[in-house]
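The values are calculated or read from the model by the stated rules, or taken from the named source; none is laboratory data. Computed from a predicted structure; not experimentally measured. Because the Cβ atoms are built from the backbone with ideal geometry, glycine has one as well, and the counts that use them run over all protein chains shown. Protein only, heavy atoms only, side chains kept; ligands, DNA and RNA dropped before computing areas. Shrake-Rupley method; radii C 1.70, N 1.55, O 1.52, S 1.80 Å.
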Amino acid sequence: MKIAGKLLVFALALSAAGAAQAAPRGYYYPQPSYYAPPQNALRLQIGGAGLSTPTGYLCDPYYCSTVSDTWSALALGGEVDLALGRRGIVNFTIGAHELFAQHASGYPNIFEPWAGLTFKFMRGAEVQPRLLVGLGLLFAEGGNSGASLRAGGGLTLFANAPVGLAVDLVIDGGRVGDADLTQVQFLIGPELHF
């Protein structure tokens, strides 16, 4: 986890540098801008994921419930938003995440490339919310594969600067091999605008 801590400090330092660049200087207000801010973005993310796989049913005489196997993983990845249209509200997004389970836990690492649409609101503001939907492929370490549906949202702080800070919460449900898999991912990292 020392590496994850260093990566988080690096991401926060990049965001602070971008915010310092965007701050107005001197006694005069900056001239009004007649060009649109960049619409495309690259997010580099680190975070955590909670995963759950149902393993069977437990029944008593009155009630049956699903028994699930849950574990957590370190998530590393990135995403690229490419604006569709002049206003930049709808973006085509491609990305990939690697979920690293604890080595001694016996759970597999999962690689997940995905593509979808990201809807960005309040373009040009300092804080920019977004929603995303997409489809992903799941490749488990043991050779199993499958697909998933992703939905979530996030915020970009310092969205009007060259470098911002992105925070995302994504729910991902799918199937790997013959097992259903549900994920909740919390991701944070720098967002580079171009």
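Do you know which of the residues in the stretch 58-116 that are without any contact (Cβ under 8 Å) to a residue 24 or more places away in the chain and of a type in the set (Ser, Thr, Tyr) is surrounded by the most Cβ atoms within 10 Å (Cβ to Cβ)?
Ser68
Looking only at the stretch 158-178, filter to residues that are in a strand (DSSP E or B) and touching a residue at least 40 places away in the same chain (Cβ under 8 Å); which one of those is farthest from the chain's Cα centre (by Cα)?
So the first thing to find is which residues in the stretch 158-178 are in a strand (DSSP E or B), and the list is 163-176.
Restricting the remaining residues to those that are touching a residue at least 40 places away in the same chain (Cβ under 8 Å) gives 163-166, 168, 172, 176.
Details: Val163: 16, Gly164: 14, Leu165: 12, Ala166: 8, Asp168: 5, Asp172: 11, Val176: 20 Å.
If we take residues in the stretch 158-178 being in a strand (DSSP E or B) and touching a residue at least 40 places away in the same chain (Cβ under 8 Å), then Val176 is farthest from the chain's Cα centre (by Cα).
Among the residues of the stretch 158-181, what is the count of those that are modelled with pLDDT of 90 or more, more than 28 Å from Lys6 (Cα to Cα) and open to solvent by 70 Å² or more (accessible area, probe 1.4 Å)?
1
Counting only residues that are in contact with a strand residue (DSSP E or B) (Cβ under 8 Å, 6 or more places away or on another chain) and not hydroxyl-bearing (Ser, Thr, Tyr), which one in the stretch 117-127 is surrounded by the fewest Cβ atoms within 10 Å (Cβ to Cβ)? It would help to see each step written out before you state the result.
Of the residues in the stretch 117-127, the ones in contact with a strand residue (DSSP E or B) (Cβ under 8 Å, 6 or more places away or on another chain) are 117-122, 126-127.
With the extra rule that they be not hydroxyl-bearing (Ser, Thr, Tyr), the set shrinks to 117, 119-122, 126-127.
On the way: Leu117: 14, Phe119: 13, Lys120: 22, Phe121: 10, Met122: 14, Glu126: 14, Val127: 12.
Among those residues, the one meeting the criterion is Phe121.
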